[in-house]
Amino acid sequence: MKNNNIKEEKQDNHEFLFDSINYKILLIGIVVIALGFVLMSGGGSQDPNVFNEDIFSFRRIRLAPTTVLIGFGITIYSIFKKSK
């Protein structure tokens, strides 16, 4: 009888690893990373014999990788942010 009470007490004591704010910041970071990959897409050509200069645009060379790195920084911050 006492073993059942101890098991029930252990099962009722569930706690999340992070607070809800950590999960919200993590979700924002994942959205920013996805936005960076969307910005990186495109610029191809339908004909393989024709070169398209859009592949070297500012958006794909500078903006998209910077956005992805910022997103990774946000996710790392959300992991290391201390709970109150």
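Read-outs: derived from the displayed coordinates by stated rules, not from any lab. These figures come from a predicted structure and were not determined experimentally. Here the Cβ is made from the backbone with ideal geometry for all residues, glycine too, and neighbour counts use every protein chain on show.
Could you rank the peptides 53-63, 33-43 by their average count of other C-beta atoms within 10 Å per residue, with the highest value first?
33-43, 53-63
In whole Hz and in residue order, list the ³J(HN,Hα) couplings for region 15-26 that follow from phi through the Karplus curve 6.51 cos²θ - 1.76 cosθ + 1.60, θ = phi - 60°; x for Gly and Pro.
9, 6, 5, 10, 7, 5, 5, 4, 5, 5, 5, 4
Step through the residues of region 64-78 one at a time and calculate ³J(HN,Hα) from phi using the Karplus curve (6.51 cos²θ - 1.76 cosθ + 1.60, θ = phi - 60°), rounding each to whole Hz and writing x for Gly and Pro.
5, x, 5, 5, 5, 5, 5, x, 5, x, 5, 5, 5, 4, 5
From the phi angles alone, apply the Karplus equation (6.51, -1.76, 1.60; θ = phi - 60°) to region 27-34 and give each ³J(HN,Hα) in whole Hz, x where the residue is Gly or Pro.
In residue order, the calculated couplings are 5, 4, x, 5, 5, 5, 5, 4 Hz.
How far is it, in nm, from the label point at T66 to the one at M40 when both lie 7 Å from their Cα along the line to the Cβ?
That separation, rounded to one decimal, is 1.6 nm.
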